[in-house]
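Inspection log for the structure reproduced underneath, given as structure tokens.
The values are calculated or read from the model by the stated rules, or taken from the named source; none is laboratory data. What you see is a predicted model; the values in this text were computed from it and never measured. Reconstructed Cβ throughout: ideal geometry from the backbone, glycine too, with neighbour counts over all protein chains shown. Each accessible area value is taken on the protein alone, full model and side chains, heavy atoms only, with ligands, DNA and RNA left out. Shrake-Rupley method; radii C 1.70, N 1.55, O 1.52, S 1.80 Å.
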Amino acid sequence: MSAANSAVTDDTSTTIQPDDEETDSALGDDVSALSESIRSSVFEYRYENGRRYHAFGRSDYLLPNDEEEQERLDLIHHIFKMVLNGALYTAPLKHADLQRVLDVGTGTGIWAIELADECPTAAITGTDISPIQPTWVPPNCQFYIDDAETEWNFAEPFDFIHGRALCGGIADWPAFYEQAFRNLKPGGWLEMQDHECWINSDDNTIDRAVWGKKLVQDVDEASSKIGKRLNIAHRHRQWMIDAGFVEVAEDVFKIPIGPWPKDKRLKEIGRVFRVQMIEAVPTFSIAYYTRVLGYSHEQAQVIVAGVRSEFLDKSLHLYLRWHFVRGRRPAA
Ligand SMILES: C[S@@+](CC[C@H](N)C(=O)[O-])C[C@H]1O[C@@H](n2cnc3c(N)ncnc32)[C@H](O)[C@@H]1O
């Protein structure tokens, strides 16, 4: 498969215009307002640094799975939908086309549950290494504890497979794509949605975000060291092409951290995303610092506090790139 059979819509060449009326004086204002069939071994959680981590199978997934994290996942779900103007996916699939859908690494299952509500005639399956899904779910939605890095054993193939924010959870991405390909019906679609774990700016204000720059570099180093790199969102498209998918297309968006953009829609997205980012800083760093890089909890907390203060500084025009990539298994 060549890259010729793919398309990229990349809005990231457009510079987001900052709103000059925003100052750095409103520290914390909207943040505080918004911040408000399983095997027993799965529940043997690991507790450290005041957070709870999963314990199923391999324990090298270093993001927590406690209530704080579940709230963050539900918040970022809404931001994903804000970015897609309310849609759950970008693949060219009508709800009526969907019979069997798989959501790999489903987290709290919020995406799977909403799709099950929207498509009552489709059977939606969610899998995860952590048992953090609710028990009261729509009748056409079911969850299983399963490590996507082991052999996928589904009785029948799917029309649509979706994976969102799985960075840091998979070591061998080509193997993941190969399994996704095999578990799709011919003509079925795969969609991967992911955020980069790297902070950018268009006006060099990133240079003043010294804590943020340190954190993304350290976490990139630590996650690469354990073989599950976090910053891989920019690689999904090529992995998908290499696995044999066709009609591969990608949308890349700049997602602002904070309400600094002039554009009203981006301002609102940035306002909510900053709340999520403030919650995400320890999620995406503490275990990497303490387990992999040998920092003490206190040392890691100093960095977390520094990054959080930068996210609250509206004179810094920071953003992350988000990637939405879809591709089709060739029809027969
Ligand atoms: C950041 S969360 C995203 C959850 C969900 N996809 C969403 O967007 O709301 C990543 C999820 O992937 C799960 N995960 C990580 N590695 C995994 C693996 N190898 N197999 C299955 N699930 C995995 C984690 O337990 C976590 O729930």
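Within the shell of other residues whose beta carbon sits under 10 angstrom from the beta carbon of Ile278, the net charge comes to +2, with Lys and Arg scored +1 and Asp and Glu -1.
Protein heavy-atom surface of segment 290-332, 1.4 angstrom probe: 53% of the accessible area is carbon and sulfur, with nucleic acids and ligands not counted.
Expressed to the nearest 5 percent, the antiparallel share of DSSP beta bridges inside the chain is 45 percent. Compute the FRET efficiency between Ser224 and His78 as 1/(1 + (r/R0)^6), taking r as their Cβ-Cβ distance and R0 = 25 Å, and round to the nearest 0.05. Calculated value: 0.25.
Pull up the cross-link candidates among the lysines for Lys81, meaning alpha carbon to alpha carbon under 20 Å and not fewer than 8 places away within one chain. Here the lysines satisfying the reach criterion relative to Lys81 are Lys94, Lys254, Lys264, Lys267. Any idea what log10 I(q)/I(0) is at q = 0.06, 0.09, 0.10 Å⁻¹ for the chain, Debye with uniform C-alpha scatterers and no solvent? For the requested q values the scattering log ratios are -0.20, -0.47, -0.58. Summing Cβ point charges (Lys, Arg +1; Asp, Glu -1) relative to the Cα centre of the chain gives a dipole of roughly 600 debye. Net length available on complete extension from Trp136 to Glu151 is 2.6 nm, with 0.36 nm assigned per residue and the Cα-Cα distance removed.
Compared with the alpha-carbon gap, the fully stretched path from Arg46 to Asn200 is longer by 52.1 nm at 0.36 nm per residue. Electrostatic bookkeeping for Gln299 treats Lys and Arg as +1 and Asp and Glu as -1; over the other residues with beta carbon under 12 Å from its beta carbon, the sum is -1.
Within a straight-line Cα-Cα reach of under 16 Å, Lys225 can be paired with the following aspartates and glutamates, leaving aside sequence neighbours fewer than 8 residues apart in one chain: Asp60, Asp172. Asp218 sits among other residues whose Cβ lies under 14 Å from its own Cβ, and their net charge, with Lys and Arg +1 and Asp and Glu -1, is +3. From the square roots a ≥ b ≥ c of the eigenvalues of the alpha-carbon gyration tensor of segment 213-307, which class results: rounded (a/c under 1.5), prolate (a/b over b/c), or oblate? It comes out oblate by the Cα gyration axes. If I ignore ligands, DNA and RNA and count only protein heavy atoms, how much of Lys94 is accessible to a 1.4 Å probe, in Å² to the nearest 10? In the full protein context, Lys94 sits at about 140 Å². When the helices of the chain are scored as -39500 (n - 2.57) per DSSP H run of n ≥ 4 and the total is divided over every residue, the value at 222 nm lands at -9500 deg cm²/dmol.
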